[in-house]
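As structure tokens, the structure follows; a few thoughts come after it.
The values are calculated or read from the model by the stated rules, or taken from the named source; none is laboratory data. What you are looking at is a predicted structure, and each value in this text was computed from that prediction instead of being measured. When we count neighbours, we look across all protein chains shown, and the Cβ atoms used for this are built from the backbone with ideal geometry, even at glycine. Heads up: the accessible areas ignore ligands, DNA and RNA and are worked out on the full protein's heavy atoms, side chains in. Shrake-Rupley method; radii C 1.70, N 1.55, O 1.52, S 1.80 Å.
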Amino acid sequence: MCLAHGLRGAGVDVEVYERHRTRTGGLHGYRVGIDPDGSRALNACLPPDVFDLFTRTCARAPETFAFLDERLRRTLTVPLRPPADDVNDEKSVSRMTLRQVLYTGMQDVVRFGRVFTHYEQHGDGTVTAHFADGSTATGDVLVGADGTNSRVRAQRLPHARVEDSGVVAIGGKVPLTDETRALLPEGVFPGIGLVIAPHGFACILHVLEFPWGPAGVSPLPDDPTGDHINWGISAHRDRFPAGVTGFDGARLIAQTLAMTPRWSPALRRLFALTDPASCFPITVRTSVPVPAWPSDTVTLLGDAIHTMTPGQGVGANTALRDAHHLVRDLTSGDGPVSGRIQVYERRMRDYGFAAVAASKARTGGDQLVHRPVVGRLALTGQRTFLRVIDHVPAFRRRFEASLYTTRGGDRED
Ligand SMILES: Cc1cc2nc3c(=O)[nH]c(=O)nc-3n(C[C@H](O)[C@H](O)[C@H](O)COP(=O)(O)OP(=O)(O)OC[C@H]3O[C@@H](n4cnc5c(N)ncnc54)[C@H](O)[C@@H]3O)c2cc1C
């Protein structure tokens with residue numbers, strides 16, 4: 001949708017085909033952290049009133065990043081940079097809200113309920129997309145922005161693979177009430193909490209408070225998002241029972257409680273209070289980088305080409321960055337369209353697959369923490385490292401800066 005806004009703004013005719021039948025179909029309301037790369041892309045591609053709507057529908061920015069153990073005891077808390085300007089700041093959004101923002105003013109562009117099946121390329125470079133209902137659409141360029149299981153990728157780059165990272169996660173949301181608010185320790189409430197626990201378990205905690213407050217409603221028509229706590233617990237897949245990815249919300253909550261008997265009672269209460277309808281399982285996957293391919297009039301962006309583990313929280317931001325670059329490269333310069341796509345693809349492969357590798361290094365099933373005996377030592381090492389950082393100001397400053405290095409704050413485009 002970011003690409004579609006950008007192209008339309010540049011005077012290009014664009015159509016988006018979405019498999020879901022409605023604006024709200026298939027959406028998980030999980031929290032997405034938008035970094036300066038993502039924010040700059042949205043600012044460049046969206047009309048000013050839609051970008052303004054985006055900034056008005058973000059949750060308040062997190063103020064701290066707290067590392068905790070499974071009893072919710074603090075290991076390290078680092079302050080996050082305070083908001084300074086709308087374009088380059090880190091932002092916290094609900095995926096559901098962001099989707100609604102991106103559909104704003106695009107009624108004539110998006111065709112819902114159209115499941116892409118395959119495409120056909122013609123001698124003059126034009127491309128016809130085919131849909132499951134038998135309909136077709138022809139254009140000069142086809143961009144596959146169809147996520148991890150991309151059918152466009154399957155046809156365009158059949159050798160490109162997406163593999164299981166070995167990590168499974170369960171995510172859920174708890175409405176923010178006096179009770180749930182009191183369950184989080186002081187240092188976690190204003191920001192982001194990361195629980196690092198034995199046996200390779202980790203749990204991320206995000207508090208999302210929106211400008212419309214607890215009693216208000218989102219300014220977007222179909223957006224039920226209200227203040228809430230978003231959590232996600234992850235571990236090696238061997239720690240989960242077979243078939244967990246088919247469990248419904250109630251079973252996922254029960255499973256989370258069964259896996260965390262010695263965790264803080266407050267955290268377990270939070271799990272128990274989770275809305276089962278908001279709970280979902282994730283098999284964390286990662287793409288295998290592919291060598292350069294000859295460009296033509298079918299290209300890819302986002303998870304369709306560089307699915308990554310959530311290790312760095314940049315999957316969506318990299319997709320937005322792609323959209324920004326593709327708008328610029330397609331609409332500037334002259335020469336054949338495939339040449340302009342080549343400029344985009346060359347850069348996208350570099351930063352996209354670099355982000356895949358860096359994310360996998362941080363969240364992947366082959367990390368030491370997932371191993372039986374060594375894992376315990378690795379956990380002790382991690383905690384000692386965080387405590388040392390907490391006590392040595394020079395290390396602390398370096399660590400604080402490192403939280404931002406991959407998030408685009410120091411880049412121009
Ligand atoms: C729990 C969780 C937390 C995350 N947090 C962050 C974060 O903090 N920061 C961050 O940067 N990233 C985050 N990510 C990653 C991020 O969500 C993805 O990288 C991002 O959504 C990728 O965007 P995309 O547009 O490429 O693909 P998608 O968001 O998957 O969108 C693909 C679209 O294509 C449609 N589609 C698919 N197949 C077809 C078809 N055959 N025909 C028609 N339409 C089709 C889908 O319905 C969907 O609308 C997180 C992911 C998860 C699961």
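List the number of the failed condition for residue 88; all other conditions in (1) within 16 Å of the ligand (Cβ to nearest atom); (2) within 20 Å of residue 230 (Cβ to Cβ); (3) modelled with pLDDT under 95; (4) not hydroxyl-bearing (Ser, Thr, Tyr) hold.
With (1) within 16 Å of the ligand (Cβ to nearest atom); (2) within 20 Å of residue 230 (Cβ to Cβ); (3) modelled with pLDDT under 95; (4) not hydroxyl-bearing (Ser, Thr, Tyr) applied to residue 88, the lone miss is (2).
What's the number of the only condition in (1) open to solvent by less than 30 Å² (accessible area, probe 1.4 Å); (2) part of a helix (DSSP H, G or I) that residue 75 fails to meet?
Answer for residue 75: the failing condition is (2).
In the stretch 283-307, which residues are within 16 Å of the ligand (Cβ to nearest atom) and touching a Ser or Thr at 6+ places or on another chain (Cβ under 8 Å)?
283, 284, 285, 286, 287, 300, 302, 303, 304, 305, 306, 307
Can residue 97 be described as away from the ligand (no atom under 13 Å from the Cβ), open to solvent by less than 10 Å² (accessible area, probe 1.4 Å) and within 22 Å of the chain's Cα centre (by Cα)?
So residue 97 passes the test.
Can you tell me which condition residue 272 does not meet? The list is (1) open to solvent by 30 Å² or more (accessible area, probe 1.4 Å); (2) under 19 Å from the mean Cα position of the chain (by Cα), and all the others hold.
(2)
Residues that are within 16 Å of the ligand (Cβ to nearest atom) and surrounded by fewer than 14 Cβ atoms within 10 Å (Cβ to Cβ): list the strands (runs of 3 or more DSSP E) wholly contained in the stretch 102-213 that include at least 1 such residues.
The strands (runs of 3 or more DSSP E) meeting that bar are 110-112, 116-121, 136-139, 161-175.
Being more than 25 Å from residue 223 (Cα to Cα) and among the hydrophobic types (A, V, I, L, M, F, W, C) is the filter; apply it to the stretch 52-67 and report the residue that is most open to solvent (accessible area, probe 1.4 Å).
Within the stretch 52-67, the match that is most open to solvent (accessible area, probe 1.4 Å) is 65.
Quick check on residue 231: is it open to solvent by less than 30 Å² (accessible area, probe 1.4 Å) and not polar (S, T, N, Q)?
yes
For every residue, the table says whether it meets (1) out of contact with any Leu (no Cβ under 6 Å at 6 or more places or on another chain); (2) in contact (Cβ under 8 Å) with a residue 12 or more places away in the chain.
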| site | (1), (2) |
| --- | --- |
| 323 | no, yes |
| 343 | yes, yes |
| 350 | yes, no |
| 358 | yes, yes |
| 391 | yes, no |
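Please work out which residue is nearest to the ligand (Cβ to nearest atom), limiting yourself to the stretch 19-59 and to residues that are among the charged types (D, E, K, R) and in contact with a helix residue (DSSP H, G or I) (Cβ under 6 Å, 6 or more places away or on another chain).
Result: 35.
What about residue 331, is it under 25 Å from residue 289 (Cβ atoms) and of a type outside the set (Gly, Ala, Ser)?
Judged against the criteria, residue 331 is not a match.
If only one of 398, 347 is over 14 Å from residue 37 (Cβ atoms) and either surrounded by fewer than 19 Cβ atoms within 10 Å (Cβ to Cβ) or of a type in the set (Phe, Trp, Tyr) (or both), which one is it?
The match here is 398.
Whether any residue in the stretch 13-27 is in contact with a Pro (Cβ under 8 Å, 6 or more places away or on another chain) and open to solvent by less than 40 Å² (accessible area, probe 1.4 Å) is what I want to check.
No - not one qualifying residue is present in the stretch 13-27.
Looking for whichever is on the phi > 0 side of the Ramachandran plot and touching a residue at least 12 places away in the same chain (Cβ under 8 Å) here; the options are 313, 339, 335. Which one fits?
313
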